[in-house]
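Chemist: Dropping a structure here in structure tokens format, bear with me for questions.
The values are calculated or read from the model by the stated rules, or taken from the named source; none is laboratory data. A quick note: this is a predicted structure, and the numbers were derived from the prediction, not measured. Every residue, glycine as well, gets a Cβ built from its backbone with ideal geometry; the counts of neighbours run over all protein chains shown. To get the accessible areas, we keep the full protein, side chains included, count just its heavy atoms, and leave off ligands, DNA and RNA. Shrake-Rupley method; radii C 1.70, N 1.55, O 1.52, S 1.80 Å.
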Amino acid sequence: MYSKCGDLPDAREVFDRLPRRNRDVAVWTALIMGYADNGLEDRALEEFFRMDCPLNPRPFVAALKACSSLAEKEEAIQDGGKAMAIKSRSLERGREIHARACRLGFDSSDVFVGNTLVDMYAKCGSMADARRAFEKIMAPDTISWNALVLGYATNHEEAVAFEVFSRFLSTRLQPDHLSFVAVLKACSSLATKEVAAHNRLVKVFALEKGMAVHAEAGRRGLDTSLFVASSLVDMYSKCGSMVDAQRIYNKLESCNVVLWTALMLGYAENGEEDLALKLFIELRPRSCRPNALSFLAASKACTGLAVKEEIQHQQVETIKRRPVKINSLEKGMAVHSEAIRCGCCDLFLTSNLVDMYAKCASMEDAQRAFDGMERRNAVLWTVLLAGYVENGEGEKACELFAPMQRDGCHPNSASFVAALGACRDGVSIETGRAFHADICRSGVECETQVGSKLVDLYSKSGMVSKAREVFDSLPERNLVTWTSLLAGYSREGRTREVFHLFGGMLDEGLQVDRVTMLCLLTACSHAGLVERGRELLKSMSSRYGVSPGVEHCECMADLLERANEPEAAREMRKMVARKENPTIIN
């Protein structure tokens, strides 16, 4: 009773007063579960390993739930440049409990222990262990299958999640609404990975998968469950089909805050911010009291509006003489004020509010929102740091690093990416090199995003040999990594290295972009390679799928002028004028 009320000191006192002979497995389990349910997972595990009575499966379930909660709090380790979602500390503790359960045979004979093992391993990011635990359960039930499908979905193994769900449907067991929530999560995750084809917003492959799951839920009469409906709205939103998402929402007779928030977030993430805010302000169901996620959706809508809004210097509203995006800022402030009134300003929401204020170019408000939080984490610090970088205050961003560490928040890879971005804003290369040393000490130097920023930093500072050294040390490279080094060689006029690197990009199967093509044309300009430049410009669309822009034509015009072809340069500049102003005929 005391544990369920959150009064752990009294629960402990009652436990300690009991004679040792009366502390049976039920009493121990109640104490362990009390600690686990109240966020004291380490203490729960301490008590589990102190148990000195005959055991049954129940304390194992409680201890494994404590490990699952620990895993949700733990940061995933990084390995070889890949974000391996392994929670090593929680996994180690979970394996220790699993070994004890195996010795007593509970892992296979008791379905509750087996299900909790599958869930624990999935939350620790070890799906190989989760699968082994599942296969050992003598008689898996619907909960067992749900845990496995959800595990694969949350660990970004969507194809396996679909395969397991299909296998589940072929058994005699009946899926429930949580079964469809799990597989729809796999559809949503698949959609976030898929790139919309031919500049369309809809993710066709994920949408087809999602529609098939929706049809199956409908056949079983489960698509009207609010849990399933909310997942369907989320799935259709992630696939870019807001018409289908709205149709699901309209079809339901009742609504809850989860469903309403899912639709609002869908509009915000699909570039329809005004509709998201209309849903938040004007179309709020009477039964829905907004929670932190609702305010998060509204703040994301304001952030999206700010990204689109231009600062109108003629009618500029300023805070301490800094121009801001006043329309988005006013909407964002209204959302923030209501969130404060509702007591919803948690760390996650505040991080998004800081980002929203930064996108509105109001770092004073961003700093104020940050200062209002007594407890801060690395994410909040990083968002503030990135905000100063975005607004051209690199030195201020760099100054935040020391207080961040004094606050007990260790910088993560995102923090270093933001800090390296600050090094372009009048911050010395020595500061960048100091960050590089910190990155190596933190063990994140092999992460692709961090490595790409380092390559970019050294390339732009004229230290191309150092940029190459970092480039060669990365286990994985993306388009940004390759282009950053290519740009460095291009700026130094090292044409041979530019085209050698470009060949390497094509061999890796990378799709080049406008920046890549500009670097190639710049290299041609420096080396006076007129015919090669012409050939590149001519084949940009047909061969590389990149439409020539103003910057490419300007670069080609410079190349022609350097090659003493003034007539051809004039024609190219006319083309530039037509691209800048399509109404010009001659």
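Chemist: Could you go through the range 88-96 and let me know if any residue there is among the hydrophobic types (A, V, I, L, M, F, W, C) and under 29 Å from LEU207 (Cα atoms). Full working, then the answer.
Modeler: Of all residues in the range 88-96, those among the hydrophobic types (A, V, I, L, M, F, W, C) come to 91.
Subsequent filtering for residues that are under 29 Å from LEU207 (Cα atoms) retains none.
No, every residue in the range 88-96 fails to be among the hydrophobic types (A, V, I, L, M, F, W, C) and under 29 Å from LEU207 (Cα atoms).
Chemist: If CYS446 passes every condition in (1) touching a Pro at 6+ places or on another chain (Cβ under 9 Å); (2) not in a loop (DSSP other than H, G, I, E, B) but one, which one does it miss?
Modeler: Result: CYS446 passes all but (2).
Chemist: Please return the ranges of helices (runs of 4 or more DSSP H) entirely within the range 506-586 where 2 or more residues are among the small types (Gly, Ala, Ser) and over 24 Å from GLU492 (Cα atoms).
Modeler: Values: elements: 514-527, 530-544, 550-562, 566-580.
Ranges flagged: 530-544, 566-580.
Chemist: Any residue in the range 237-249 that is under 15 Å from ASP223 (Cβ atoms) sitting within a Cβ distance under 6 Å of a residue that is of a type in the set (Ser, Thr, Tyr) and modelled with pLDDT of 95 or more? List the pairs, counting only those 6 or more apart or interchain.
Modeler: ASP244/TYR236; ALA245/TYR236; ALA245/SER237
Chemist: Now for a separate question. Residues ALA139, ALA215: which one is among the aliphatic types (A, V, I, L, M) and outside any helix (DSSP H, G or I)? First the steps, then the outcome.
Modeler: Numbers: ALA215 fails: outside any helix (DSSP H, G or I).
On inspection, the qualifying residue turns out to be ALA139.
Chemist: Out of the range 105-161, which residues are under 28 Å from the mean Cα position of the chain (by Cα) and among the aromatic types (Phe, Trp, Tyr)?
Modeler: TYR121, TRP145, TYR152
Chemist: If you don't mind, there's one more thing I want to ask. Would you mind telling me which numbered condition in (1) open to solvent by 10 Å² or more (accessible area, probe 1.4 Å); (2) part of a helix (DSSP H, G or I); (3) closer than 27 Å to VAL228 by Cα; (4) in contact (Cβ under 8 Å) with a residue 12 or more places away in the chain ALA159 fails?
Modeler: So the condition that ALA159 fails would be (4).
Chemist: Give the range 42-77 a look and list any residue that's closer than 14 Å to ALA30 by Cβ and aliphatic (A, V, I, L, M), or say none.
Modeler: Answer for the range 42-77, where residues must be closer than 14 Å to ALA30 by Cβ and aliphatic (A, V, I, L, M): ALA44, MET51, VAL61, ALA62, ALA63, ALA66.
Chemist: Right, something else. So THR224 fits all but one of (1) open to solvent by less than 80 Å² (accessible area, probe 1.4 Å); (2) outside any helix (DSSP H, G or I); what number is the exception?
Modeler: Every condition holds for THR224 apart from (1).
Chemist: Would you check if there is a residue in the range 173-186 being more than 19 Å from ALA212 (Cα to Cα) and surrounded by fewer than 24 Cβ atoms within 10 Å (Cβ to Cβ)? Can you show your working first?
Modeler: Restricting attention to the range 173-186, the residues satisfying the condition of being more than 19 Å from ALA212 (Cα to Cα) are 173.
Okay, now just the ones that are also surrounded by fewer than 24 Cβ atoms within 10 Å (Cβ to Cβ), so 173.
For the range 173-186, residues more than 19 Å from ALA212 (Cα to Cα) and surrounded by fewer than 24 Cβ atoms within 10 Å (Cβ to Cβ): present.
Chemist: Separate question: I'm trying to understand the selection: among the residues of the range 424-442, which are among the hydrophobic types (A, V, I, L, M, F, W, C) and either assigned to a helix (DSSP H, G or I) or modelled with pLDDT of 85 or more (or both)?
Modeler: To start, the set of residues in the range 424-442 that are among the hydrophobic types (A, V, I, L, M, F, W, C) comprises 427, 429, 434-435, 437, 439-440.
Across the range 424-442, the qualifying residues are ILE429, ALA434, PHE435, ALA437, ILE439, CYS440.
Chemist: Consider GLY408 carefully, then state whether it is without any contact (Cβ under 8 Å) to a residue 12 or more places away in the chain, surrounded by fewer than 18 Cβ atoms within 10 Å (Cβ to Cβ) and not in a helix (DSSP H, G or I). I'd like the intermediate steps shown before the answer.
Modeler: Values: without any contact (Cβ under 8 Å) to a residue 12 or more places away in the chain: yes; surrounded by fewer than 18 Cβ atoms within 10 Å (Cβ to Cβ): yes; not in a helix (DSSP H, G or I): yes.
When the stated conditions are applied, GLY408 passes them.
Chemist: Which of the residues that make up the range 449-465 are open to solvent by 50 Å² or more (accessible area, probe 1.4 Å) and part of a helix (DSSP H, G or I)?
Modeler: GLN449, LYS453, LYS460, SER465, listed by residue number.
Chemist: With the structure loaded, tell me whether ALA153 is part of a helix (DSSP H, G or I) and either open to solvent by less than 10 Å² (accessible area, probe 1.4 Å) or among the aliphatic types (A, V, I, L, M) (or both) or whether it fails that test.
Modeler: On the way: part of a helix (DSSP H, G or I): yes; either open to solvent by less than 10 Å² (accessible area, probe 1.4 Å) or among the aliphatic types (A, V, I, L, M) (or both): yes.
In short, yes.
Chemist: Report the residue count in the range 360-398 for those that are of a type in the set (D, E, K, R) and in contact with a Phe, Trp or Tyr (Cβ under 9 Å, 6 or more places away or on another chain). Can you show your working first?
Modeler: Residues of the range 360-398 that are of a type in the set (D, E, K, R), as a first pass: 364-365, 368, 371, 374-376, 390, 393, 395-396.
Narrowing the set further to residues that are in contact with a Phe, Trp or Tyr (Cβ under 9 Å, 6 or more places away or on another chain) leaves 364-365, 368, 376, 395-396.
Count: 6.
Chemist: Among the residues of the range 528-547, write down those that are buried (at least 18 other Cβ atoms within 10 Å of the Cβ), within 41 Å of the chain's Cα centre (by Cα) and of a type outside the set (Gly, Ala, Ser).
Modeler: Within the range 528-547, LEU536, LEU537, MET540, VAL546 meet the criteria.
Chemist: Give just the number: which of (1) closer than 17 Å to ALA487 by Cβ; (2) among the β-branched types (Val, Ile, Thr); (3) open to solvent by 20 Å² or more (accessible area, probe 1.4 Å) does VAL550 not satisfy?
Modeler: For VAL550, the exception is condition (1).
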